There are 2 protein chains.
Amino acid sequence: MKISARGESIQDSPIRKLSPVAIKTKEAGKKVYHLNIGQPDIPTPPEFFEAIRSYSEKVLSYGPSDGINELKDAMINYFKRYDIDLMRENLTITYGGSEAVSFAFNIIGDPGDEIIIPEPFYTNYNGYATMSDLKIVPVPTMAETGFHLPDISEIEKKITSRTKAILICSPNNPTGTVFSEEEIRSLGEVAKKHDLFLIADEVYKEFTYDGIRHFSVLEIDELRENVIVVDSISKRYSSCGARIGAMITRNKDVMVSVLKFAQARLCPPTLEQLGAAATYKLPHSYFEDIKKEYQLRRDTLYEVLTANKDIVLRKPEGAFYLMAKLPVDDSDDFAKWMLESFDVDGETVMVAPGGGFYSAEGERTDEIRIAYVLDSSKLKIAGKIILEAIREYNKKS
Amino acid sequence: MKISARGESIQDSPIRKLSPVAIKTKEAGKKVYHLNIGQPDIPTPPEFFEAIRSYSEKVLSYGPSDGINELKDAMINYFKRYDIDLMRENLTITYGGSEAVSFAFNIIGDPGDEIIIPEPFYTNYNGYATMSDLKIVPVPTMAETGFHLPDISEIEKKITSRTKAILICSPNNPTGTVFSEEEIRSLGEVAKKHDLFLIADEVYKEFTYDGIRHFSVLEIDELRENVIVVDSISKRYSSCGARIGAMITRNKDVMVSVLKFAQARLCPPTLEQLGAAATYKLPHSYFEDIKKEYQLRRDTLYEVLTANKDIVLRKPEGAFYLMAKLPVDDSDDFAKWMLESFDVDGETVMVAPGGGFYSAEGERTDEIRIAYVLDSSKLKIAGKIILEAIREYNKKS
């Protein structure tokens, strides 16, 4: 029995692949600070659970394939805070942001078609590209320039007759970069000029620091036909295990098609949609303390890490990740070594090696992604452990 | 902006496509008996909701990509009732049976590869074949023989160098047919001989009547490497809105690959998995009354419909569907006409036209699928309305 080429070639999760090693590390009695996965420690709003607990139907039956109106309406009101006008028919509720990516990839291209993505990028785009048999054409961005976009001509250069879309994620996973209005508008002009879809993963929309404002592709009226937004409550309302996201577009052909894909998998889970609707009804002030907390963590970690002048790291503007270029040759080996052979007073750190966030293997073997999902005092310790680990690691080799 | 060929060609749901018509019918004041969709009216076990209500973690965080062990263990115990030995590493928890179909399709073949399916078949296989760019090669089965399999040579004849799998659904949606142990074993021999995967959709496993026993492909030890089972709690525990299913296989290569697909979409919803685990812990006697109820419904509907000798209908052995061949030319038009232009004392019936359950358009335009998801007294009325509708419809044309 031979499995398919796509089944063979689909990428291992670089975020989860060291998990078996970490389990052994912990079994051996070491404490591990988990900075490898974007699992926030912020409590899920109690309103989420209360809405689910108050469900009183006798039969948990199929819901609408595109999601329940209670959630759609709550989302529409949420977007009004940003002067983004949406209607129910612009929204498809999905199984997390992941399914929105999957639907978008299936709809924008056929096998062999190309999608341009600035790299490093969220590793699961690789998985969905494999499933949809799309080819990812990367545009490199660099630690030295805070992973901002290169000159727009560098992107335009990558466009071929098979290019169907450009995808951006802002605030960015894995880099924390928030693309400026100017950067987004330039991309939009290129998309418009070449008749391409512009897919924007905006799941970290709320998490921007130093007063920087997230600029959404939904704000550009001329791109109504081009824009597809991937959205999710996982990070916004710290409910990763709920699996509720959305695909947002004003393009009618896309909506006709996505409804058919949505019907094929019947409907999103009903209870979680009710929980999600309750979170979207929270006042906007809900985000204030959370943003302050994340900003404090970013500042703490940034300060600790940049004490080593050989680490290349610009202060990221958003999300809760940073991508740091380390003075080590092989961050895959370094991350594994930290778990297996290193500790400071019985404690060590788990990070995600950077290589997995690039489309080709063997790129940027000196970068690591850190998710700052622990409180500042722990981050301070974890950051110092990383610095000490770099010293030790480079001594041994 | 042009969308992809697959985005254009993916099939409309034949089960849901008359819904806008039905809405107008109801707005016009008519009562509609919904026999078009397999949404059971059986209450979801209260244990499902209780398990969810008692969740007490503060953060609803990501779970394991392949599902939580509490659910896996409950499923393993459930399968022991059938002497089917499974281990945690044979189970991947999915978003409903749908995602298990999607994973299986992605893993067994690459774009252009073929999968043999007896038709009529569950319409969403079409959707997933489109998404995976697999070609469905149908094997016709007939109302006259209760939609049982033709001679195995008819199936073997369809095998080409691109054939990667045979898929069966037993008890069957849309026909209610339960394939015999002999039929399943013959298919298994062919799969073995030609090195094909045998995918079995067994989500209706519990629903067999007249003492007939469901024979699972998991019971054939020689097929350990070939077999992939699609499973779900949607019908088994009347929880369609929960979206919890599973892919079951003992093939290690398939499991390695499916974990990577599962990681790409992170994890199934945590709360529903806890609810599902609670239902799987119910004693097996839970099914007794439900099976009796469905058998009574089947008998009622069968008796009413076969009063018209021009209807071809063998008594189905399982699930809660039947596929009837009617003395009408165009069941699409007939189903729409019943909603728009016909009623008996202000009441009419919604059925699913049969054509949508075939791979090619224009096949079997005289068949309808009925889901017997209402109680017997309602089914009796609905059945009589259908008979009266056939008389009227044929008078007018």
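Worth a mention:
- When +1 charges are put on Lys and Arg Cβ atoms and -1 charges on Asp and Glu Cβ atoms, the dipole computed for the stretch B:46-280 relative to its Cα centre reaches about 600 debye.
- Residue-level accessible surface for A:Asp113, protein heavy atoms, 1.4 Å, Å²: 10
- Of all DSSP-defined beta bridges confined to the stretch B:46-280, some 35% are antiparallel rather than parallel.
- For the stretch A:281-366, the gyration tensor built on C-alpha atoms gives a prolate shape. Its axis ratio a/c (a ≥ b ≥ c) is at least 1.5, and a/b is the larger of a/b and b/c.
- At R0 = 51 Å, FRET efficiency that the Cβ-Cβ distance of A:Arg213 and A:Lys58 yields, to 0.05: 0.65
- Listed residue (A:Gly127, A:Phe179, A:Tyr204) projecting farthest to the positive dipole end of the stretch A:46-280, Cβ model: A:Gly127
- Selection among B:Ile155, B:Thr141, B:Phe48 by position relative to the dipole of the stretch B:46-280 gives B:Phe48 as farthest towards the positive end (Cβ unit charges, Cα centre).
- Residues losing 40 Å² or more accessible surface upon assembly, the stretch B:202-246, compared with the chain by itself, 1.4 Å: B:Gly241, B:Arg243
- Gyration tensor verdict on the stretch A:18-173 (Cα atoms; rounded if a/c is under 1.5, prolate if a/b is larger than b/c, oblate otherwise): oblate
- When Rg and the Kirkwood radius Rh are both evaluated on Cα atoms of the protein assembly as shown, their ratio Rg/Rh stands at 0.98.
- Summarising the amide proton neighbourhood of A:Val139: residues at separation of 5 or more, or on other chains, whose placed amide H is nearer than 5 Å comprise A:Ile117, A:Glu119.
- Pseudo-label separations to other copies for A:Arg88 - Cα-to-Cβ vector, 7 Å, nm: 4.4
- Heavy-atom SASA rank of A:Asp110, A:Asp310 (probe 1.4 Å, accessible area, largest first): A:Asp310, A:Asp110
- Taking a ≥ b ≥ c as the square roots of the Cα gyration tensor eigenvalues, the stretch A:138-269 comes out oblate, since a/c reaches at least 1.5 and a/b does not exceed b/c.
- q = 0.08, 0.11, 0.16 Å⁻¹: log10 I(q)/I(0) that the Debye formula gives for the stretch A:46-280, counting C-alpha atoms only: -0.28, -0.54, -1.14
- Once C-alpha pairs closer than 8 Å and six or more residues apart are averaged by separation and normalised to the residue number of the stretch A:156-226, the relative contact order reads 37 percent.
- Plainly put, the tip 7 Å out from Cα toward Cβ on B:Lys252 is 5.5 nm from that tip on each other copy, the closest given first.
- Degrees, to the nearest 10: B:331-341 long Cα axis against longest axis of chain B: 60
- Shown for the stretch A:46-280: the carbon plus sulfur share of the solvent-accessible area, taken with all protein chains present and a 1.4 angstrom probe, equals 49%.
- Square roots of 5 times each gyration tensor eigenvalue, C-alpha, chain B, largest first, Å: 33, 25, 21
- Pairs of Cα atoms nearer than 8 Å and 6+ residues apart set the relative contact order; for the stretch B:46-280 it is 31 percent.
- With Cα atoms, 0 to 90° folded angle of helix A:376-396 axis to chain A main axis: 50
- Label point of A:Asp221 (7 Å along Cα→beta-carbon): distances to the other copies' equivalent points are 7.3 nm, sorted ascending.
- Probe 1.4 Å - accessible area at B:Arg213, Å² to nearest ten: 130
- Taking all protein chains into account, the per residue accessible area for the stretch B:226-271 stands at 14 Å² (1.4 Å probe).
- Take the Cα of A:Lys80, step 7 Å toward its Cβ, do the same at A:Ser377, and the gap between the two points is 4.3 nm.
- The length gained on full extension between A:Glu392 and A:Lys281, counted as 0.36 nm times the residue separation minus their Cα-Cα distance, comes to 35.0 nm.
- Percentage relative contact order, chain B, counting C-alpha pairs under 8 Å, at least six apart: 25
- Computed magnitude of the charge dipole of chain A (debye, nearest 20; Cβ of K, R +1, Cβ of D, E -1): 720
- Summarising the strand pairing of the protein assembly as shown, around 50 percent of its internal DSSP beta bridges are antiparallel.
- Each residue of the stretch B:190-198 is assigned a 3J(HN,Hα), and the resulting list reads 5, 4, 4, 4, 9, 6, 10, 6, 10 Hz, derived from the Karplus form 6.51 cos²θ - 1.76 cosθ + 1.60 (θ = phi - 60°), x at Gly and Pro.
- Dimensionless Rg over Rh [the stretch B:1-55; C-alpha; Kirkwood]: 1.20
- Between B:Asn226, B:Asn36, B:Asn69, the residue with the greatest mean-square fluctuation in the GNM of chain B (Cα pairs under 10 Å linked by springs) is B:Asn69.
- Summarising the strand pairing of chain A, around 50 percent of its internal DSSP beta bridges are antiparallel.
- Computed over chain A, the per-residue total of -39500 (n - 2.57) for DSSP H runs of n ≥ 4 gives a 222 nm mean residue ellipticity of -11500 deg cm²/dmol, rounded to 500.
- D_trans [Stokes-Einstein, Kirkwood Rh over alpha-carbon pairs] for the stretch B:214-354, 4 °C, 1.567 mPa s, µm² s⁻¹: 67
- Total accessible area lost when B and A pair, probe 1.4 Å, Å² to nearest 100: 6300
- Pairwise FRET efficiency - A:Glu189 versus A:Lys309, Cβ, R0 = 35 Å, nearest 0.05: 0.35
- In Å², nearest 10: area of A:Arg53 left accessible to a 1.4 Å probe: 90
- Point-charge dipole on Cβ atoms (K/R +1, D/E -1) for the stretch A:126-184, about Cα centre, debye to 20: 400
The values are calculated or read from the model by the stated rules, or taken from the named source; none is laboratory data. All values derive from a computational prediction rather than experimental measurement. Cβ atoms come from the backbone with ideal geometry, glycine included; neighbour counts cover every protein chain shown. Areas reflect the complete protein model, heavy atoms only, side chains present, ligands, DNA and RNA absent. Shrake-Rupley method; radii C 1.70, N 1.55, O 1.52, S 1.80 Å.
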